[in-house]
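Peer 1: Here's a structure for you.
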Amino acid sequence: MIYPKSYEEIAEYVKRGKNIFFFTAGWCGDCNFIKPRMPEIEVEYPDYTFIEIDRDKFIDLAIQWNIFGIPSFVIVDNGKELGRLVNKNRKTKEEITTFIDSVK
C-alpha cells in the first residue's frame, strides 16, 4: 500500500499505471473493518498498485471525485477511470474482489 503525501504525488499515480485508490479515514469504523484484509487483497491483484487516500487529508480530491462515502475504491488505468465502488456501506473482502474482477 502506498500512502501519498501530496496532491502532486497522487496526480502522478493517476496518470501512470494500473492503480486502485482506497479512500479511507482513521475515524471510519467501516474502513478500519476492511483494512486488515487489504494486504490479502493486494497479494491477489499484483497487477495493481494500491494507494490509500486519507479522505480528510485530501478532502478536495474526495470532493472532485465525488467520494461522499467511505471506504470507497476507484480503479484508474493510465489516467482512465475503469470503475468505482463508492458508497458509505461496510465492504467485505468478497465485495471488493468481486468489484475488482468486474473491471478486469
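Readers should treat all values here as calculations from the given coordinates under stated rules, not as data from a laboratory. Keep in mind the model is a prediction, meaning the values are calculated, not measured.
Peer 1: Between Ala25, Ala11, Ala62, find the one with the highest GNM mean-square fluctuation for the chain; connect C-alpha pairs within less than 10 Å.
Peer 2: So, out of Ala25, Ala11, Ala62, the one fluctuating most is Ala11.
Peer 1: Across segment 61-67, in residue order, what do the Karplus-derived ³J(HN,Hα) couplings come to in whole Hz, using 6.51 cos²θ - 1.76 cosθ + 1.60 with θ = phi - 60° and x for Gly and Pro?
Peer 2: Whole-Hz 3J(HN,Hα) from phi for segment 61-67: 5, 4, 5, 4, 8, 6, 9.
Peer 1: Kindly write out, for segment 13-25 in residue order, the coupling ³J(HN,Hα) from the Karplus curve 6.51 cos²θ - 1.76 cosθ + 1.60 (θ = phi - 60°), rounded to whole Hz, with x marking Gly and Pro.
Peer 2: After applying 6.51 cos²θ - 1.76 cosθ + 1.60, I find 5, 4, 6, 10, x, 9, 10, 10, 8, 10, 8, 8, 7 Hz.
Peer 1: Whole-Hz ³J(HN,Hα) for each residue in segment 84-90, computed from phi via Karplus 6.51 cos²θ - 1.76 cosθ + 1.60 with θ = phi - 60°, x for glycine and proline: what do you get?
Peer 2: Using θ = phi - 60°, the values come out as 8, 10, 10, 6, 9, 7, 4 Hz.
Peer 1: Run the numbers on the chain and let me know its relative contact order in percent, using alpha-carbon pairs under 8 Å that are six or more apart.
Peer 2: Once divided by the residue count of the chain, the mean separation gives 34 percent.
Peer 1: Moving to a separate point now. Under the rule of at least 5 residues apart or a separate chain, name every residue whose amide H is placed under 5 Å from the amide H of Glu81.
Peer 2: Result for Glu81 returns nothing.
Peer 1: Suppose only helical runs count, i.e. DSSP H with n ≥ 4. What mean residue ellipticity at 222 nm does that imply for the chain under -39500 (n - 2.57) per run, divided by all residues and rounded to the nearest 500 deg cm²/dmol?
Peer 2: -10000 deg cm²/dmol
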